[in-house]
Amino acid sequence: MKNQKCNPKETAGECAAGFVEDGMVVGLGTGSTTAYAIKELGRRVADGLDILGVATSFQSSFLAVENGITLTTLDEHPEIDIGIDGADQIAGFTAIKGGGAAHTREKIVALSSKKFVVVVDESKCSDILSHPVPLEVLPFALKLAIRQVAELGGKAELRMGVRKDGPVISDNGNFILDADFGRIDDPGSLDTKLSQCCGIVEHGIFTGVDAVYIGKGDGSVEIRENSF
Ligand code: 5RP
């Protein structure tokens with residue numbers, strides 16, 4: 001019989017949602033792959049699953065409410081049982097995130113999670129990271145941030161809005177730079193250096209991902225667990 005469901009983002013997202021258990025606090029990432037996880041969680045909530053969600057963006061917050069998921073805050077629940085989120089590129093257990101300009105809150109949620117799961121389709125997997133690194137930048141520090149990126153060997157471009165004149169403004173009121181470093185041989189070192197830059201609120205390199213769920217074109221999902 002032909003597999004009717006072979007949208008790899010959908011199968012990866014739904015698969016991760018299937019591991020959520022009663023009583024859990026769940027980190028709800030941002031993006032199209034995570035949206036499938038949120039919708040699946042909503043279906044499970046309608047069937048009686050009892051969870052609380054912590055949203056990483058207006059997008060995930062609206063989607064959670066639409067799908068009947070009760071939201072909480074990190075103030076009320078500082079420890080999240082499982083965080084589910086997408087990625088723009090992943091190599092091993094290090095991801096580049098921020099395609100949706102939500103990586104600051106996403107990283108806060110990831111670091112608050114006992115288990116942080118990345119859901120992707122195969123096209124996001126690579127041996128070496130090379131995707132431009134999204135940077136959330138204080139508007140006041142824009143030019144300084146661009147200069148610091150250049151000093152690290154990168155080229156930063158201000159992300160512009162679509163159906164909005166001028167730059168993208170993050171959910172936190174900041175600008176987004178996409179910093180192209182070419183091939184990133186040592187993401188751990190770049191993580192440290194970007195974290196030390198003044199005016200860069202947060203960058204999109206996520207090291208130490210706990211598990212990666214990869215949706216494949218044939219309808220299967222490969223699960224890679226990080227044993228550290
Ligand atoms: C948002 C993100 C997203 O998770 C990332 O851009 C992947 O998005 P998608 O699942 O739509 O491909 O980091 O800031």
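Would you point out which residue out of ALA16, ALA55, ALA46 is within 15 Å of the ligand (Cβ to nearest atom) and over 18 Å from GLU79 (Cβ atoms)?
ALA16
Looking at region 148-167, which of its residues are surrounded by fewer than 13 Cβ atoms within 10 Å (Cβ to Cβ) and not in a loop (DSSP other than H, G, I, E, B)?
Going residue by residue through region 148-167, those that are surrounded by fewer than 13 Cβ atoms within 10 Å (Cβ to Cβ) are 150-151, 153, 160-166.
Once the filter is applied, which keeps residues that are surrounded by fewer than 13 Cβ atoms within 10 Å (Cβ to Cβ) and not in a loop (DSSP other than H, G, I, E, B), region 148-167 yields ALA150, GLU151, MET160.
Quick one: in region 3-45, which of the residues that are farther than 19 Å from GLN89 by Cβ, among the polar types (S, T, N, Q) and in contact (Cβ under 8 Å) with a residue 40 or more places away in the chain is surrounded by the most Cβ atoms within 10 Å (Cβ to Cβ)?
For region 3-45, the residue satisfying everything is THR11.
Right, LEU41: within 16 Å of the ligand (Cβ to nearest atom) and of a type outside the set (Val, Ile, Thr) or not?
In short, yes.
If we scan region 181-190, do we find a residue that is in a loop (DSSP other than H, G, I, E, B), surrounded by 17 or more Cβ atoms within 10 Å (Cβ to Cβ) and without any contact (Cβ under 8 Å) to a residue 60 or more places away in the chain? Spell out the reasoning first.
Taking region 181-190 first, the residues in a loop (DSSP other than H, G, I, E, B) are 181-183, 185-186.
When the remaining residues are screened for being surrounded by 17 or more Cβ atoms within 10 Å (Cβ to Cβ), the result is 181.
Filter again for without any contact (Cβ under 8 Å) to a residue 60 or more places away in the chain, leaving 181.
Yes, the conditions are met somewhere in region 181-190.
Determine if region 99-119 includes at least one residue that is in a strand (DSSP E or B), within 10 Å of the ligand (Cβ to nearest atom) and either buried (at least 18 other Cβ atoms within 10 Å of the Cβ) or in the same structural domain as GLY31 (by TED's automatic domain parsing) (or both). Show your work before the answer.
The first filter runs over region 99-119 and keeps only residues in a strand (DSSP E or B), leaving 113-119.
Going one step further and asking which of them are within 10 Å of the ligand (Cβ to nearest atom), we end up with 118-119.
With the extra rule that they be either buried (at least 18 other Cβ atoms within 10 Å of the Cβ) or in the same structural domain as GLY31 (by TED's automatic domain parsing) (or both), the set shrinks to 118-119.
Yes.
Can you list residue pairs whose Cβ atoms sit under 8 Å apart, with the first residue in region 197-218 being basic (Lys, Arg) and the second being surrounded by fewer than 19 Cβ atoms within 10 Å (Cβ to Cβ)? Count only pairs 6 or more apart in sequence or on different chains.
Qualifying pairs under 8 Å: LYS216/GLU122; LYS216/GLU222.
Per-residue answers, yes or no, for (1) of a type in the set (Gly, Ala, Ser); (2) touching a helix residue (DSSP H, G or I) at 6+ places or on another chain (Cβ under 7 Å); (3) in the same structural domain as ASP81 (by TED's automatic domain parsing):
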position: GLY182; (1), (2), (3): yes, no, no
position: SER189; (1), (2), (3): yes, no, no
position: LYS193; (1), (2), (3): no, no, no
position: CYS198; (1), (2), (3): no, yes, no
position: ALA211; (1), (2), (3): yes, no, yes
position: GLY217; (1), (2), (3): yes, yes, yes
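The values are calculated or read from the model by the stated rules, or taken from the named source; none is laboratory data. What you are looking at is a predicted structure, and each value in this text was computed from that prediction instead of being measured. Neighbour counts are summed over all protein chains in view; Cβ atoms, including those assigned to glycine, are modelled from backbone coordinates with ideal geometry.
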